[in-house]
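Only the coordinates and a few stated rules stand behind these numbers; no lab work does. Remember, predicted model here, so these are calculated numbers, not experimental data. FYI the Cβ positions are ideal-geometry reconstructions off the backbone, even for glycines, and counts take in every protein chain you see.
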Amino acid sequence: NTLAPAHPLSSGTTASSRLIGAYQGTRQPVTPVWFMRQAGRSLPEYRELRVGTRMLDACLDPALASEITLQPVRRHGVDAAIFFSDIVIPLRLAGVDVDIVPGKGPVLSAPVRTAADVDALTAVDPASLDATAFAPIIEAVRLTTAELATLGTGDTPLIGFAGAPFTLAAYLVEGGPSKDHIRARTMMHADPGAWARLMDWTADVTGAFLRTQVLAGASAAQLFDSWAGALSLDDYVTHVAPASARALSHVRDLTFEVPAAELTEGDDALLPTSRNVPIVHFGVGTGELLKAMHEIGADVVGVDYRVPLDEASRRLGHVVPVQGNVDPAMLDAPWPVLEAHVLDVLGRGASAPSHVLNLGHGVPPDTDPAVLTRLVEFVHGL
Ligand code: CP3
């Protein structure tokens, strides 16, 4: 399953970028930087484009989704685009009646609370999510990667993403946002069989969404398990990690041919001629889970702002590239405070094999975009 030669990774367009290099474990002379939720309400050009269009409709409009994805690359000069979509899109395409309520998040008309609810949901075959169902996603990714190839140095990768099964199941079972995800965590123990069926189905649906983005042109993938921090390590390992590994299995077999130019240096007989598509795994409040989150088959671990990167790297045995973890609360602090914090994050990130600078969670909607631009310039100028 080697990605076709026209894929940006196989053609070499993005393979030698800072981002992909760092994700593969090679420390870069200039630390790559991008921001979770870089496309969104912090940008006036985003708010303008979104007027009159509901969030999920915007995600399914290829031209609009592509344009929104590109806005932060043009404005900030970040080292990656992240596909503008939402973790609930594959659920919606599988027929789940879910909407995103402004200021609140995903809300379902019919939460999945009982074994019968799980059976009704999982009666939809994840394989029905084929190229036809995902057509708007494929089109949006193609438009985006074609345009990225013409911007700046032409090597900016697109990161595809998906929600991890637990975070999606938390929305499915709760029916909306929740603080402690108690109903989802209860089902896990009250009916482990129904829970496992729910998780496997969700893994295949979200895995298909991720695979679609990579095949269409994304050069890396990020799995968001935003709410995994609600779990004990035991529950994570027993009831969640197998489904997350299953979701990643949909992209794990995808490899890209190493561009010939990279193979010319010396004794390349020993160098592999194909490489995995790099996968980042991120969660919030997951300091206790970092090692387990790596072990499901991720290449890079995204760290939230609660655990310093040197400590995160220690927990990962100092062998795993890390991404993070500027505290989003610092973005509105006076510049010298933010600058000192960023230098501290970079210093601690040096204890991992390689580091991609990011926030510890998404860009807050009221962030001054000029601060993000300045931060990118600062990191690139070091
Ligand atoms: O990071 C990016 O720039 C890419 C786009 C992206 C969005 N959602 C766009 C979005 C990504 C990667 C996501 C993932 C996502 N969606 C997660 C995991 C990441 C995380 O933040 O922990 C989660 C938990 C969701 C579910 C979700 N969607 C929430 C909680 C919300 C916020 C609701 C609100 O209005 O406050 C959304 C909506 C959403 N997804 C917005 C964007 C830009 C805001 C909607 C808008 O602009 O009207």
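When you go through L316, L338 one by one, which is the residue that is farther than 18 Å from P32 by Cα, buried (at least 18 other Cβ atoms within 10 Å of the Cβ) and not polar (S, T, N, Q)?
From the options L316, L338, the qualifying one is L316.
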Item to check | The lone exception for N1 - which of (1) surrounded by fewer than 22 Cβ atoms within 10 Å (Cβ to Cβ); (2) within 10 Å of the ligand (Cβ to nearest atom) it fails | outcome: (2)
Next on the checklist: Among the residues of region 144-157, are any in contact (Cβ under 8 Å) with a residue 60 or more places away in the chain, out of contact with any strand residue (DSSP E or B) (no Cβ under 8 Å at 6 or more places or on another chain), crowded, with 20+ Cβ neighbours inside 10 Å and in a helix (DSSP H, G or I)?
Outcome noted: no
Checklist entry - Which numbered condition trips up A140, out of (1) free of Cβ contacts under 8 Å to residues at least 40 places away in the same chain; (2) part of a helix (DSSP H, G or I)? => result (1)
Checklist entry - Name the pairs whose Cβ atoms lie under 9 Å apart, with the first residue in region 72-89 and farther than 17 Å from T31 by Cβ and near the ligand (Cβ under 6 Å from one of its atoms), the second assigned to a loop (DSSP other than H, G, I, E, B) and of a type in the set (K, R), and 6 or more positions between them or separate chains? => result I82/R37
Checklist outcome for this item: Of the residues in region 124-137, those that are part of a loop (DSSP other than H, G, I, E, B) and within 30 Å of Q71 (Cα to Cα) come to L129, D130, A131, T132, A133, F134
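Say whether the condition of being under 16 Å from the mean Cα position of the chain (by Cα) and more than 16 Å from S226 (Cβ to Cβ) is met by at least one residue in region 300-318. Working first, answer last.
Our first condition is that a residue be under 16 Å from the mean Cα position of the chain (by Cα); within region 300-318, this holds for 300-304.
Still in the list and also more than 16 Å from S226 (Cβ to Cβ): 300.
Yes.
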